[in-house]
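As structure tokens, the structure follows; a few thoughts come after it.
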Amino acid sequence: MTITEGVTMLQSSAGSHVYLVDENVLIDTGNPGEFDAIWADLRLLGVHSIDHILLTHHDVDHIGNARRLQDQTGARVWASSEDIPYILGEKPRPGIKRIIQRIVRVEPPRITDSYGVNAQFGDIRVLPAPGHTPGHVIFLYRRVLFIGDLLAIKHGTLRLFPSYLTWNSQAVFRSLALLKTLQFDWLCPAHGQPLQRNDAVDRFLRPY
Ligand SMILES: [Zn+2]
């Protein structure tokens, strides 16, 4: 599904969305076990190589196919320095995520490097937005904002994640304050359908 020029949401990753940007960058990699479907999607779109895989955060439903996509395409894989130890299994995930990681085994990707300060990949800017995890980031591409799990979108409405899935709620609120300062027309979440900016979006963000 094309969102705007240069931005495609892959059909195969409905549970946790994967976005293709400028035909050579993937944002997140979906739930484990979806590699074949994601790869089929990419082939259908005429994409045979990916330069960069940009991870919003360490949760298994975002890094699920990073390793196989990397092996298949030779992509470089990037994540925040705070979240890399969780991705590599050097630190246990907190709370319920610790139980999930025991049940859902994910082979970690080879991380190329962490995002530097003011990191940018072509027209994609990396913006720290901690809270859901310590090193959660969002991405701004032209006027499209990829929000990872900073917020979910359900039936066209913005939703906070429940606190048991959140590393630090106060940090989430500060990240929402940052979001308010950005120029965007589209919000693209991992969970839910992309949403065009409207009055309800601005009303939701106003208290932060
Ligand atoms: Zn998620």
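Each value in this text was obtained by applying a stated rule to the coordinates, not by laboratory testing. Every value quoted in this text rests on a predicted model; they were computed, and no experiment measured them. Cβ sites come from the backbone with ideal geometry, for glycine too, and all protein chains shown count toward neighbours.
Annotations
- Filter result (away from the ligand (no atom under 16 Å from the Cβ) and not aliphatic (A, V, I, L, M)) within segment 13-29: D22, E23, N24
- For segment 9-21, filtered to residues that are out of contact with any strand residue (DSSP E or B) (no Cβ under 8 Å at 6 or more places or on another chain) and in contact (Cβ under 8 Å) with a residue 24 or more places away in the chain, the residue that is surrounded by the most Cβ atoms within 10 Å (Cβ to Cβ) is S13.
- Pairs, first touching a residue at least 24 places away in the same chain (Cβ under 8 Å) in segment 95-124, second exposed (fewer than 11 other Cβ atoms within 10 Å of the Cβ) and not hydrophobic (A, V, I, L, M, F, W, C), C-beta under 7 Å, six or more apart: G95/Y164; I96/Y164
- Filtering segment 29-72 to residues that are of a type in the set (D, E, K, R) and under 18 Å from R93 (Cα atoms) leaves D59, D61.
- Filter result for the condition that a residue is among the small types (G, A, S), within 15 Å of the ligand (Cβ to nearest atom), in contact with a His (Cβ under 8 Å, 6 or more places away or on another chain) and closer than 26 Å to H48 by Cα, over A79, A66, A75: A79
- Of all residues in segment 147-165 being surrounded by fewer than 19 Cβ atoms within 10 Å (Cβ to Cβ) and in a loop (DSSP other than H, G, I, E, B), the one that is nearest to the ligand (Cβ to nearest atom): F161
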